[in-house]
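Enquirer: This is the structure, below, for whatever I ask next.
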Amino acid sequence: MRVQRWTRTSKLFTGATLAIAVLLATVPLVFESDVVQKLTNLLILVLLAAMWNALAGYGGLLSVGQQAFIGIGAYGTVFFAGLGVSPYLAMVLATLVAGAISVPISFLALRLRAAQFAIGMWVIAEVISILVRLDQNLGAGTGISLIQLNQYAPNFRQAYTFWLALGFTVIFLSALFFLLRSPLGVSLQAIRDDEDAARSLGVRVAARKRLLFVLAGFGCGAAGVLIGANTLFIEPGSIFSVQWSAYMIFMVLVGGLGTFEGPILGAILLFWIRTTFTQGGPWYLVGLGATAALFALALPRGIWGTIEERLGLRLLPVGYRVVEVTGEKRSA
Amino acid sequence: MTVVNAVLQGIFLGAFYAVLACGLSIMFGVMRVINLAHGDVAVLGAYVVFVIVQGTGMSPFVAFVVALPVMILLGYLLQLTILERSLKSGILTPLLATFGLSIVIQNLLLITFSPDVRSLGENAGAVTTSSWQVTSGLSVSTLGVVILVVAVIVFGALQLFLSRTRAGWMMRATAEDSDAAELVGIDSRGVYARATALAVAVAALGGLFLAIRSVFDPVSGPTQLIFAFEAVVIGGMGSLWGTLLGGLALGLAQTLGAHINPEYSALTGHLLFLAVLIVRYGGGRVSFGTAR
């Protein structure tokens with residue numbers, strides 16, 4: 001027996017992933033601006049799904065309040081741009097602020113478990129939303145435009161936003177990938193499989209969860225920045241909406257909770273559903289909610305988790321696998 | 001005098017939150033489950049009453065009695081179709097499944113009833129408008145008193161049910177240890193189904209009060225869930241009388257906040273909830289880096 005990390009498939013697929021990322025970078029040079037804007041939306045979904053999965057799939061933390069960080073990212077951009085900072089620098093600063101704010105929030109939120117954590121995060125998002133509504137400089141309840149982005153011609157603006165989205169997605173997914181591959185990742189996967197058992201073996205559960213929480217704070221903040229830059233108008237009712245959590249839960253549950261590839265698949269599926277069916281209609285949301293509930297009950301590992309289990313397939317090498325070596329000497 | 005008035009309004013509002021929270025507290029106490037669709041179930045109850053009132057012209061209070069069997073049946077169905085399955089597979093599954101259900105209920109209500117804001121206040125007769133003028137600055141609304149009295153009756157009746165009846169003993173035994181309860185012949189499936197049916201019925205009562213004392217629309221549910229959950233946590237999870245007190249504390253926090261500035265109403269309630277969490281769970285060790 002020997003322990004193997006890379007398989008032929010995973011080598012091939014990791015290469016393909018890198019090639020796709022490089023190809024994606026050329027999209028704004030080749031395609032019309034509406035394609036660029038749509039692909040920006042897809043990248044936002046991928047980022048959101050991966051971050052929610054980092055929390056729920058590896059940390060066992062089911063948050064219904066990640067829209068707190070989405071809103072901080074979007075409003076942070078407005079705030080810094082309003083101070084006269086160049087818009088794209090404002091976006092990076094806003095992402096850093098969202099990540100930084102997740103640290104003090106984690107000290108409260110991570111004391112809670114299961115439903116208390118889920119709804120506790122929701123209340124925190126509500127509190128931040130109310131504070132924004134009370135601030136006239138941020139447009140209060142009626143919303144605010146990112147007018148500073150008008151200094152760029154529309155197709156340049158869309159190209160820049162797309163590249164920023166691609167950059168953020170690559171950075172945060174790589175961060176998660178290398179985190180899961182590092183020695184820390186082994187303890188994270190142990191927490192995912194059985195938190196109490198991991199703790200009894202000496203895994204520092206609280207510190208590991210905080211790492212994931214802060215990563216997700218940064219990532220959701222980045223997604224919020226991009227949502228603001230893509231829509232150019234931010235309004236507390238929609239940017240702090242619990243619907244973001246509904247989308248994240250759908251993508252991760254359908255794709256595969258606790259797998260690296262699953263949420264990406266889930267994001268592509270949601271993107272496909274959104275472009276195929278009329279966007280935002282209530283029947284479409286009924287379908288999303290019912291599908292998420294059905295997956296939770298009947299197929300908890302999601303599409304990708306089930307494929308992985310049945311076929312032993314592993315496209316991106318985040319774990320280890322034990323393989324039988326033919327002709328191996330059996331010795332004690 | 002206006003502060004006294006705010007306190008009084010807070011107690012009435014709190015009694016309403018306690019009724020909303022009661023079902024959540026029952027389900028958590030018996031099954032250790034939080035139903036994230038609880039607020040939507042309450043709003044669904046409000047719509048069922050609304051339909052009956054529209055169809056027959058009867059008083060909302062009578063219509064609620066007619067709606068009750070429907071809601072109890074829905075509670076059984078909720079348990080048998082979704083919760084029973086989800087209870088078997090870890091602590092996250094019931095949350096995920098009921099969150100999905102919450103989105104389904106909201107959007108089905110949206111499709112059926114349009115996004116229009118509704119109220120049953122006008123249909124409820126004099127009870128919503130009458131009040132006792134105690135002094136020039138202090139008036140006691142009849143509806144507030146009715147909700148407070150009903151809340152106390154509901155919690156008292158539940159207490160009697162749990163402490164005096166056979167079905168109540170079975171529920172407490174199952175809550176304590178469902179495996180041991182099974183060993184002495186208690187059917188935990190049946191107990192869980194009854195608990196959920198009871199929770200849905202009381203949630204519908206909360207929905208009735210919501211519809212009479214203010215307005216509701218298809219997406220009112222999540223806000224009701226948050227307030228109900230806050231009441232349960234403030235009062236101490238797993239304690240029935242605690243939930244009544246938690247509801248009153250939440251109502252007081254909101255009206256006193258609104259007394260300072262009307263925009264602070266929900267905010268002060270949330271802050272009380274977060275403060276209770278910090279105090280209750282504040283003793284734990286803080287760890288970030290390598291210290292174990």
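Enquirer: Filter segment B:11-69 down to residues that are within 14 Å of another protein chain (Cβ to nearest Cβ) and assigned to a loop (DSSP other than H, G, I, E, B) and give me whichever is farthest from B:Ile234 (Cα to Cα).
Expert: Of everything passing the filter in segment B:11-69, B:Ala37 is farthest from B:Ile234 (Cα to Cα).
Enquirer: When you check B:Phe28 against the structure, is it crowded, with 20+ Cβ neighbours inside 10 Å, modelled with pLDDT under 95 and of a type in the set (Phe, Trp, Tyr), yes or no?
Expert: So B:Phe28 fits the description; yes.
Enquirer: Shifting gears a bit: May I ask you to list the residues in segment A:286-306 that are touching a residue at least 40 places away in the same chain (Cβ under 8 Å) and in a helix (DSSP H, G or I)?
Expert: Within segment A:286-306, A:Leu288, A:Gly289, A:Thr291, A:Ala292, A:Phe295, A:Ala296, A:Gly302, A:Ile303, A:Trp304, A:Gly305, A:Thr306 meet the criteria.
Enquirer: Test A:Trp163 against the criterion of being more than 14 Å from chain B (Cβ to nearest Cβ) and modelled with pLDDT of 85 or more, and give yes or no.
Expert: When the stated conditions are applied, A:Trp163 passes them.
Enquirer: Would you point out which residue out of B:Leu143, B:Leu120, B:Leu96 is within 14 Å of chain A (Cβ to nearest Cβ) and either touching a residue at least 40 places away in the same chain (Cβ under 8 Å) or out of contact with any strand residue (DSSP E or B) (no Cβ under 9 Å at 6 or more places or on another chain) (or both)?
Expert: Answer to the check: B:Leu96.
Enquirer: Across segment A:116-147, what is the number of residues that are over 21 Å from the mean Cα position of the chain (by Cα) and on the phi < 0 side of the Ramachandran plot?
Expert: 17
Enquirer: A further question follows. For segment A:115-146, how many residues are open to solvent by 50 Å² or more (accessible area, probe 1.4 Å), in a helix (DSSP H, G or I) and in contact (Cβ under 8 Å) with a residue 12 or more places away in the chain?
Expert: 4
Enquirer: Which is on the phi < 0 side of the Ramachandran plot, touching a Gly at 6+ places or on another chain (Cβ under 8 Å) and within 9 Å of another protein chain (Cβ to nearest Cβ), of A:Leu108, A:Leu93?
Expert: Criteria check complete, one pass: A:Leu108.
Enquirer: For the structure I just gave you, tell me whether A:Ser86 is surrounded by fewer than 22 Cβ atoms within 10 Å (Cβ to Cβ) and within 30 Å of A:Val132 (Cα to Cα).
Expert: Judged against the criteria, A:Ser86 is a match.
Enquirer: Please list, ordered by first then second residue, the pairs with beta carbon atoms under 8 Å, 6 or more apart or interchain, first in segment B:74-89 and within 15 Å of B:Ser102 (Cβ to Cβ), second in a helix (DSSP H, G or I) and small (Gly, Ala, Ser).
Expert: B:Ile82/A:Ala293; B:Ile82/B:Ala97; B:Leu83/B:Ala97; B:Ser86/A:Ala296; B:Ser86/B:Ala97
Enquirer: Looking at B:Ala126, B:Ala180, can you tell me which residue is open to solvent by 40 Å² or more (accessible area, probe 1.4 Å), farther than 30 Å from A:Arg113 by Cα, in a helix (DSSP H, G or I) and without any contact (Cβ under 8 Å) to a residue 40 or more places away in the chain?
Expert: Sole residue among the options that is open to solvent by 40 Å² or more (accessible area, probe 1.4 Å), farther than 30 Å from A:Arg113 by Cα, in a helix (DSSP H, G or I) and without any contact (Cβ under 8 Å) to a residue 40 or more places away in the chain: B:Ala126.
Enquirer: A:Ile171: under 24 Å from A:Leu108 (Cα atoms) and either surrounded by fewer than 22 Cβ atoms within 10 Å (Cβ to Cβ) or modelled with pLDDT under 85 (or both), yes or no?
Expert: Against the criterion (under 24 Å from A:Leu108 (Cα atoms) and either surrounded by fewer than 22 Cβ atoms within 10 Å (Cβ to Cβ) or modelled with pLDDT under 85 (or both)), A:Ile171 does not qualify.
Enquirer: What's the number of the only condition in (1) within 14 Å of another protein chain (Cβ to nearest Cβ); (2) under 24 Å from A:Val46 (Cβ atoms) that A:Ile130 fails to meet?
Expert: (2)
Enquirer: From the list B:Val200, B:Val215, B:Val286, exactly one residue is within 28 Å of A:Leu112 (Cα to Cα) and either modelled with pLDDT of 90 or more or open to solvent by less than 30 Å² (accessible area, probe 1.4 Å) (or both). Which is it?
Expert: Going through B:Val200, B:Val215, B:Val286 in turn, just one is within 28 Å of A:Leu112 (Cα to Cα) and either modelled with pLDDT of 90 or more or open to solvent by less than 30 Å² (accessible area, probe 1.4 Å) (or both): B:Val200.
Enquirer: Looking at A:Val252, A:Val242, A:Val325, A:Val318, which one is at the interface with another protein chain (Cβ under 10 Å from one of its Cβ atoms) and either open to solvent by less than 20 Å² (accessible area, probe 1.4 Å) or at pLDDT below 90 (or both)?
Expert: So the residue among A:Val252, A:Val242, A:Val325, A:Val318 that is at the interface with another protein chain (Cβ under 10 Å from one of its Cβ atoms) and either open to solvent by less than 20 Å² (accessible area, probe 1.4 Å) or at pLDDT below 90 (or both) is A:Val252.
Enquirer: Quick one: A:Leu108 ticks every box in (1) surrounded by fewer than 22 Cβ atoms within 10 Å (Cβ to Cβ); (2) touching a residue at least 60 places away in the same chain (Cβ under 8 Å); (3) closer than 30 Å to B:Ile34 by Cβ bar one, so which box is it?
Expert: Condition not satisfied by A:Leu108: (2).
Enquirer: Within segment A:193-216, take every residue that is at the interface with chain B (Cβ under 10 Å from one of its Cβ atoms) and over 12 Å from A:Tyr58 (Cα atoms) and give me the one that is surrounded by the fewest Cβ atoms within 10 Å (Cβ to Cβ).
Expert: So the residue we want is A:Gly202.
The values are calculated or read from the model by the stated rules, or taken from the named source; none is laboratory data. What you see is a predicted model; the values in this text were computed from it and never measured. Neighbour counts run over all protein chains shown; Cβ positions are idealised from the backbone, glycine included. Surface accessibility is based on the protein's heavy atoms, side chains included, excluding ligands, DNA and RNA. Shrake-Rupley method; radii C 1.70, N 1.55, O 1.52, S 1.80 Å.
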